[in-house]
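A.B. asks: Submitted below is the structure of interest, expressed as structure tokens.
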Amino acid sequence: MDTMTQTEAKRLSPGLLAFYGDSVYEIMVRRYVVSFGDKPSGKLHEESIKYARAGFQAAAYEKILPVLTETEADILRRGRNSTGLTAPKSSNQTEYHKATAVEALFGYLSLTGEEERLRELFSIIISPDDPL
């Protein structure tokens, strides 16, 4: 798939960006988890869920907010303000909206080919000394 221009990606709905960004974020989490060695798939799943939960992503929102560009902060805000979101029982509305915002930002950055920036933000979200 070709990368989009920032203008093209900004035209996409926050929901669409979050839908795509969820998979981008999930792959980054799985790559991080498997970097610690071979483990049974059940254990890998347990470890990856820790980082994919809305509560963790809401905390990630707060961690990355101070380092975002104006454009990135705008995408994050649009994702947070998305309508039609229903939080799962494992989180509250505020956490879920912030998690959706992070996913929208990851979707936007991936679609625009900003892979290095994705890695930078991911390294802020998940520091190497985070215990699994």
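The values are calculated or read from the model by the stated rules, or taken from the named source; none is laboratory data. Computed from a prediction, not measured in an experiment: that's the story for all the values here. Quick reminder, even Gly has a Cβ in these numbers, built from the backbone with ideal geometry, and neighbours come from all protein chains shown.
A.B. asks: Among residues belonging to the stretch 51-72 that are assigned to a helix (DSSP H, G or I) and more than 13 Å from the chain's Cα centre (by Cα), point out the one that is surrounded by the fewest Cβ atoms within 10 Å (Cβ to Cβ).
C.D. replies: First, pick out the residues of the stretch 51-72 that are assigned to a helix (DSSP H, G or I): 51-52, 54-67, 70-72.
Narrowing the set further to residues that are more than 13 Å from the chain's Cα centre (by Cα) leaves 66-67, 70-71.
Numbers: PRO66: 8, VAL67: 11, GLU70: 6, THR71: 14.
Applying the filter and picking the extreme gives GLU70.
A.B. asks: Within the set of pairs 6 or more residues apart or between chains, which connect a residue that is crowded, with 24+ Cβ neighbours inside 10 Å inside the stretch 94-114 to a residue that is β-branched (Val, Ile, Thr) and part of a helix (DSSP H, G or I) with Cβ atoms less than 7 Å apart?
C.D. replies: Correct list of pairs: ALA104/ILE75; LEU105/ILE75; PHE106/VAL24; GLY107/VAL24; TYR108/ILE75; SER110/VAL24.
A.B. asks: Turning to a different aspect of this structure: From the list ILE75, ILE27, pick out the single residue that is at pLDDT 95 or above, out of contact with any Cys (no Cβ under 8 Å at 6 or more places or on another chain), part of a helix (DSSP H, G or I) and surrounded by 14 or more Cβ atoms within 10 Å (Cβ to Cβ). If you could, list the steps in order and put the result at the bottom.
C.D. replies: Working: ILE27 fails: surrounded by 14 or more Cβ atoms within 10 Å (Cβ to Cβ).
Of ILE75, ILE27, the one residue that is at pLDDT 95 or above, out of contact with any Cys (no Cβ under 8 Å at 6 or more places or on another chain), part of a helix (DSSP H, G or I) and surrounded by 14 or more Cβ atoms within 10 Å (Cβ to Cβ) is ILE75.
A.B. asks: Of all residues in the stretch 1-36 being in contact with a helix residue (DSSP H, G or I) (Cβ under 7 Å, 6 or more places away or on another chain) and without any contact (Cβ under 8 Å) to a residue 60 or more places away in the chain, which is farthest from ARG53 (Cα to Cα)?
C.D. replies: Among residues in the stretch 1-36 that are in contact with a helix residue (DSSP H, G or I) (Cβ under 7 Å, 6 or more places away or on another chain) and without any contact (Cβ under 8 Å) to a residue 60 or more places away in the chain, the one farthest from ARG53 (Cα to Cα) is VAL34.
A.B. asks: Further question on the same structure: Suppose we filter SER48, SER35 for residues that are out of contact with any Pro (no Cβ under 7 Å at 6 or more places or on another chain), loosely packed, with under 13 Cβ neighbours inside 10 Å and either at pLDDT below 90 or of a type outside the set (Gly, Ala, Ser) (or both); which single one remains? Break it down stepwise before answering.
C.D. replies: Details: SER48 fails: loosely packed, with under 13 Cβ neighbours inside 10 Å.
Being out of contact with any Pro (no Cβ under 7 Å at 6 or more places or on another chain), loosely packed, with under 13 Cβ neighbours inside 10 Å and either at pLDDT below 90 or of a type outside the set (Gly, Ala, Ser) (or both) holds for just one of SER48, SER35, which is SER35.
A.B. asks: Surrounded by 19 or more Cβ atoms within 10 Å (Cβ to Cβ) and either modelled with pLDDT of 85 or more or touching a Ser or Thr at 6+ places or on another chain (Cβ under 7 Å) (or both), is that true of LEU85?
C.D. replies: For LEU85, the condition - surrounded by 19 or more Cβ atoms within 10 Å (Cβ to Cβ) and either modelled with pLDDT of 85 or more or touching a Ser or Thr at 6+ places or on another chain (Cβ under 7 Å) (or both) - is not met.
A.B. asks: Out of all the residues in the stretch 124-131, is one or more modelled with pLDDT of 80 or more and within 13 Å of ILE75 (Cα to Cα)? Don't jump to the end; show me each part of the working.
C.D. replies: Filtering the stretch 124-131 for residues modelled with pLDDT of 80 or more gives 124-126.
Then keep just the ones that are within 13 Å of ILE75 (Cα to Cα); that gives none.
No, because not a single residue in the stretch 124-131 is modelled with pLDDT of 80 or more and within 13 Å of ILE75 (Cα to Cα).
A.B. asks: Among what's in the stretch 88-102 and is of a type in the set (Val, Ile, Thr) and within 12 Å of the chain's Cα centre (by Cα), pick the residue that is modelled with the highest pLDDT. Let's see the steps before the verdict.
C.D. replies: So the first thing to find is which residues in the stretch 88-102 are of a type in the set (Val, Ile, Thr), and the list is 94, 100, 102.
Remaining after also requiring within 12 Å of the chain's Cα centre (by Cα): 100, 102.
On the way: THR100: 93, VAL102: 96.
That would be VAL102.
A.B. asks: For the stretch 1-24, enumerate the residues that are acidic (Asp, Glu) and buried (at least 16 other Cβ atoms within 10 Å of the Cβ). Outline the logic, then answer.
C.D. replies: From the stretch 1-24, those acidic (Asp, Glu) are 2, 8, 22; that's our starting set.
Matches in the stretch 1-24: ASP22 only.
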